[in-house]
Amino acid sequence: MASYDFSNDVLFEIFSRADLKTMKKCRVLSKECKDLTYESTFMRLHSQRISTMVGYLLQCSKNFGYSWRHRLSSNFVSIANSGLEPKLTPKFLSFLPEPVQIVATVNEGLVLCSTRLHGENRFYICKPSTQQWELIPAPNPRFYRSKISMLVLGSNPLRFKIVGLSDSIDDKHSESDSESDLDSEYPDKEVNHRVVSDENFWHCEIFDSKSWEWKQSEDLKLTYRDFFRKRQGVSACGGLHWLIFNREQDKDIVLSFDGNKEEWTMASLPNSLRRKEYWDQIALVSCEGNLGLVNIDFKTKMVDVWVLNYEHIWIRKHTMNLIKERYLTRFHSFYGADTLVMKDMWSVYFYNFKTQKFDRVTADNQDIDAAYFIQTDFESVQLKPE
């Protein structure tokens with residue numbers, strides 16, 4: 001069989017004309033193919049040629065004169081449009097039957113939302129690009145889930161799981177309590193929870209779209225010295241991952257949930273990846289399909305990006321200097337291989353550290369509470385099995 005050595009320009013043209021599912025499969029061909037498809041220039045051209053949706057879903061709010069159900073809004077922002085400036089699409093989830101709060105998303109374009117009615121949370125799963133949605137059965141009402149994340153295990157047929165962690169039983173929360181506890185990024189502190197003994201058990205529930213029901217899993221056993229950092233769980237490599245800080249040992253720990261085995265593992269970060277000062281920022285991210293970690297030194301304005309390889313070794317991937325005027329914004333995630341996304345309470349910033357181009361997006365005089373990356377097509381999916 002003849003072999004062909006395609007240049008990057010040829011591969012760029014081929015991959016940018018492939019549908020989204022095919023393009024993602026091409027990433028396993030080689031490291032070069034994978035790196036190419038994560039470049040922001042490729043993502044922009046691919047979105048225009050194939051008509052995909054790639055960008056950030058923003059959870060916004062107005063801080064005056066409204067109950068939480070009426071002051072929340074969801075907007076979508078993309079830098080993959082035909083224009084030179086980011087494009088903001090307001091009221092992105094208005095097709096749902098009632099106002100909702102975004103709880104979690106996955107890159108495949110699925111969005112998990114919640115709303116509170118008569119003291120109980122209701123959950124919706126939806127695909128905004130096709131405006132499909134389904135109501136998910138209510139989980140056990142005895143538990144208040146302070147951590148909820150989602151991952152996709154397969155696309156044909158579609159299968160996803162939702163993992164809910166709770167540290168309280170029979171707890172009655174007001175509407176304002178439920179709003180602030182559902183993974184808002186501000187304030188950026190550890191989550192406080194009750195101290196019962198040296199061991200602290202987190203109740204775990206799992207929703208499997210295959211059976212379309214919740215089930216109780218084994219409790220997650222931590223200690224009262226372990227604190228979740230205030231960030232959404234990161235979906236990568238078939239699992240969910242959280243960053244935990246142990247105050248007694250003064251170290252950060254990666255807590256991982258295997259989506260197939262439904263098992264928990266914990267691994268300490270190497271000393272070289274630890275924060276040097278309290279005000280430095282450390283965060284888990286999804287980096288080109290792998291689990292990544294960002295460490296920002298606010299004294300030197302330097303950003304180190306590490307990636308966990310298949311041998312479970314942390315490898316330094318990037319080192320870069322923050323723009324001086326923007327060092328007070330909080331790092332959020334990677335849009336692509338060359339673009340950082342940062343945010344504060346009023347704006348989202350796209351920074352291409354190769355071209356040093358900086359784009360800022362505001363949300364029409366609204367606070368931006370959270371931002372979620374999605375990349376999806378416009379094909380209908382079967383959210384609920386028959």
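Remarks
- Qualifying residue in the range 82-101 (condition: closer than 23 Å to Phe334 by Cα, β-branched (Val, Ile, Thr), modelled with pLDDT of 85 or more and in a strand (DSSP E or B)): no
- Taking the criterion of being hydroxyl-bearing (Ser, Thr, Tyr) and either in contact with a strand residue (DSSP E or B) (Cβ under 7 Å, 6 or more places away or on another chain) or surrounded by 18 or more Cβ atoms within 10 Å (Cβ to Cβ) (or both), the only residue of the range 92-108 that qualifies is Thr105.
- Among the residues listed as Lys317, Lys299, the single one being among the basic types (Lys, Arg) and either surrounded by 16 or more Cβ atoms within 10 Å (Cβ to Cβ) or more than 22 Å from Arg229 (Cα to Cα) (or both): Lys317
- Some residue of the range 229-251 being of a type in the set (D, E, K, R), free of Cβ contacts under 8 Å to residues at least 24 places away in the same chain and either closer than 29 Å to Phe373 by Cβ or in contact with a Cys (Cβ under 8 Å, 6 or more places away or on another chain) (or both): yes
- Selection status of Val381, more than 26 Å from Phe92 (Cβ to Cβ) and surrounded by 16 or more Cβ atoms within 10 Å (Cβ to Cβ): no
- Meets criteria (within 24 Å of the chain's Cα centre (by Cα), closer than 19 Å to Phe378 by Cβ and not basic (Lys, Arg)) for Asp19: yes
- Looking only at the range 1-51, residues that are of a type in the set (Lys, Arg), part of a loop (DSSP other than H, G, I, E, B) and within 21 Å of Lys317 (Cα to Cα) come to 1 in all.
- Verdict on Glu13 being at pLDDT 90 or above and open to solvent by 50 Å² or more (accessible area, probe 1.4 Å): yes
- For the residues Gly336, Gly289, the requirement of being open to solvent by 20 Å² or more (accessible area, probe 1.4 Å), within 15 Å of the chain's Cα centre (by Cα), closer than 30 Å to Gln132 by Cα and in contact (Cβ under 8 Å) with a residue 24 or more places away in the chain singles out Gly289.
The values are calculated or read from the model by the stated rules, or taken from the named source; none is laboratory data. Not measured: the values here are computed from a predicted model. All Cβ positions, glycine included, derive from the backbone under ideal geometry; neighbour counts span all protein chains shown. Protein only, heavy atoms only, side chains kept; ligands, DNA and RNA dropped before computing areas. Shrake-Rupley method; radii C 1.70, N 1.55, O 1.52, S 1.80 Å.
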